[in-house]
Every structure is written in structure tokens, then in C-alpha cells.
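The values are calculated or read from the model by the stated rules, or taken from the named source; none is laboratory data. Remember, predicted model here, so these are calculated numbers, not experimental data. Cβ coordinates were reconstructed from backbone atoms using ideal geometry, including for glycine residues, and neighbour counts include every protein chain displayed. Calculation scope for accessible area: heavy atoms of the full protein, side chains included, ligands and nucleic acids excluded. Shrake-Rupley method; radii C 1.70, N 1.55, O 1.52, S 1.80 Å.
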Amino acid sequence: MTLALIAGQGGLPPFLTKALLERGEVPVICEIEQFPSDVKGELPRIGFRLETLGTFLKILKETGVTRICMAGAMRRPGVDVTLIDTATMPLVPRVQAALTKGDDGTLRVFIEIFEEAGFEVIGAADIVPEILPRPGVIIGSLPAGIEADMTAAEAALAEMGASDQGQALVVRMGQVIAREDTRGTDAMLADLAPDIPQTRLSDDPFELAGDLLDSVADWLSGPAAEAKQQEARAEGGILFKAPKPGQELRVDMPLIGLKTAMGAAEAGLKGIVIQAGGVMLLNPEGVTQVLQGQGMFLWVRTPGETA
């Protein structure tokens, strides 16, 4: 039962690869040629393009792949019609239609194509269930008035979900002050932060295995401390991240990690709220140190829960 990891960018594909290797399972790393992943090391790899999707599916079959996991940030590649091969031609109308949809709609079409080809599509949390944190206030304590913020955040997310746009927003005093766009959560937070140099640590577990806590400690004495001394445009706000209503979580479950925690701190936020069972937590040790070091909170909230 060979697993193909269709690896996008960011720290999630390296994390899943490390977890699989530790239990003796070697995944086949599949990457869109225009956007190579951050997975490193000598591993079986298959590069592909949308123009050769049909051939890619045949190669997976020949390799013995039975399961597919799509993980990491994925951008929409440009399509060169001159590169479409014979095996892909029957899929062209569906791929064209998919690329006109929002992210969730696009991914659903590709799931259908994979399943019709005989593959089982699984999610990152199926591989590493502990990536879903337990419900409750994990770090810090909740501020007064957070119920109004949660009411506003849930209403705004439902509105965003109706148009298949974004999974995160920043709310303050019951008002939404920023919404995630196609650039992602980290870009939204960077827009809100003071204009200071942004120090970013990798979410790659291979790189962070030995010096994560020392690196975070250095960061806490640098950009984060400087951010606290400047006026952040989102000072006192809360990052809220959750799946859009009806979102296909096998291939597009939201995630926060070290970069998100640092971005929230640099933007002057009070804390982070994520939906229980619907948002993954990567590098919990680093996230904990960042949030505790800045006096922030992390609430893994069940939908509709009050403080």
C-alpha cells in the first residue's frame, strides 16, 4: 500500500515525510514541476505537470501507489496547451473547469479524478492524528469580551466560505479588521505588522530538530521584542482560523505553525483561536514558546463554544 505524497510548499510535507520514515514507510514524493516542495533527502520522486496529469496517474499505478495525500501550500500553475499529452486529453475539460473555481472547488475536482483512477485519497491527519490538538485553552488565558469577537469571526468566516475565499481573519473588539486572501495567513499578518525586518524560522522538522528552542529564543529577543515597542495596526486583535463551512478537509485542512505564531506576535495580537478538529498544529513546542514568551493565548475552540 504505497503512499504518494503530492507535496506542496511549506513545513507540512517535510513533517509528514519524517513521520512516515520514522515508522518505516517510504512515501513517493510527487511535485508539480513549477513548484518544488521543501521535502529534502534521497526519496522516490515523481515530477509532473497538469498538462501530463493522465500520464502521471498511469505512472503512479505502475509504481504501486494505492493511496494519495495532498499536503502543503499549492499554487495554480500556468498551463501550456502545447504540452498536453494524449493520456491527459480526456481530462482537459474537467481540469479547465476546476481551475476556474475557488480553492475548495478546485481540489474537489482533483479528488474525484484521483478516486476515479482507483486511488484512496487521505488527509494529513489520517497519517499523523496527533497533529490535531486537543480542544481547550492550550496556552495562556482568554481575554474579556472574546465572545463578541468569536460571534463576529464565525459570521465573517461563513460569508467567506460562501464565496470559497480564505480560512483566517483578524478580529478586534467585535469587528473584523483583516481577512485572508489568496496569499495566505502569513501574508495577512505581515500586512498588519510594523515595518520591521521579518525574521522567519523554518517549519521543516528536519532543520529544527536540534535547535528549535534556541532559535525561537533568539527571535523573541529580536523582531518580536521590537514589534512590541512599535504601534502594530492590529494591536489587541485575535487571529481566528477555521475551515470554511463544508470544506474538503482531506486535502485542504487549515494549519498554523511557528511562522503563524511569530506573525501574530509581530502584528501585536493577543492570541490565536483555531477550530477543534479542523485546524492542524505544526511545531507545537515552538508555537508554545513564542506565544508564552509574548503573553499570548491559544484556544482550540469547539464551534459555538463560549469562554
query = Could we say that ALA124 is among the aliphatic types (A, V, I, L, M) and surrounded by fewer than 18 Cβ atoms within 10 Å (Cβ to Cβ) here?
reply = no
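Could we say that GLY277 is surrounded by fewer than 21 Cβ atoms within 10 Å (Cβ to Cβ) and either part of a helix (DSSP H, G or I) or touching a Ser or Thr at 6+ places or on another chain (Cβ under 9 Å) (or both) here?
Yes: the conditions hold for GLY277.
Tell me which residues, restricted to the stretch 61-76, are farther than 10 Å from ILE6 by Cβ and of a type outside the set (S, T, N, Q).
Within the stretch 61-76, LYS61, GLU62, GLY64, VAL65, ARG67, ALA73, ARG75, ARG76 qualify.
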query = What number of residues within the stretch 166-176 are open to solvent by less than 60 Å² (accessible area, probe 1.4 Å) and either farther than 22 Å from GLY257 by Cα or assigned to a strand (DSSP E or B) (or both)?
reply = 6
query = From the list LEU157, LEU132, LEU107, which one is among the aliphatic types (A, V, I, L, M), buried (at least 16 other Cβ atoms within 10 Å of the Cβ) and touching an Asp or Glu at 6+ places or on another chain (Cβ under 8 Å)?
reply = LEU107
request  = Search the stretch 51-61 for residues being free of Cβ contacts under 8 Å to residues at least 60 places away in the same chain and in contact with a Phe, Trp or Tyr (Cβ under 9 Å, 6 or more places away or on another chain), and hand back the single one that is farthest from PRO14 (Cα to Cα).
outcome  = THR55
query = Can you find a residue in the stretch 105-113 that is free of Cβ contacts under 8 Å to residues at least 12 places away in the same chain, over 22 Å from the mean Cα position of the chain (by Cα) and closer than 29 Å to GLY246 by Cα?
reply = no
request  = Filter the stretch 285-297 for residues that are open to solvent by 10 Å² or more (accessible area, probe 1.4 Å), closer than 27 Å to PRO13 by Cα and touching a helix residue (DSSP H, G or I) at 6+ places or on another chain (Cβ under 9 Å) and give the result.
outcome  = GLU285, THR288, GLN289
request  = Only one of these is modelled with pLDDT under 90 and under 26 Å from THR182 (Cα atoms): PRO93, PRO77, PRO13. Name it.
outcome  = PRO77
request  = Take the stretch 135-165 and flag every residue that is farther than 17 Å from GLY277 by Cβ, not in a helix (DSSP H, G or I) and not hydroxyl-bearing (Ser, Thr, Tyr).
outcome  = ILE139, GLY140, LEU142, PRO143, ALA144, GLY145, ASP164, GLN165
note = Sole miss for ALA7 among (1) open to solvent by 60 Å² or more (accessible area, probe 1.4 Å); (2) in contact (Cβ under 8 Å) with a residue 40 or more places away in the chain is condition (1)
note = Within the stretch 181-208, of all residues that are modelled with pLDDT of 70 or more and of a type in the set (A, V, I, L, M, F, W, C), the one surrounded by the fewest Cβ atoms within 10 Å (Cβ to Cβ) is ALA187
message = Cβ contacts < 6 Å: first residue closer than 25 Å to THR100 by Cα, restricted to the stretch 161-178; second residue open to solvent by 70 Å² or more (accessible area, probe 1.4 Å), any location; separation 6+ or different chain. Result?
response = GLY161/PRO245; GLY166/ARG179; LEU169/ARG179
message = Restricting to the stretch 103-134, and then to whatever is out of contact with any helix residue (DSSP H, G or I) (no Cβ under 6 Å at 6 or more places or on another chain) and not in a helix (DSSP H, G or I), can you tell me which residue is farthest from GLU180 (Cα to Cα)?
response = GLY118
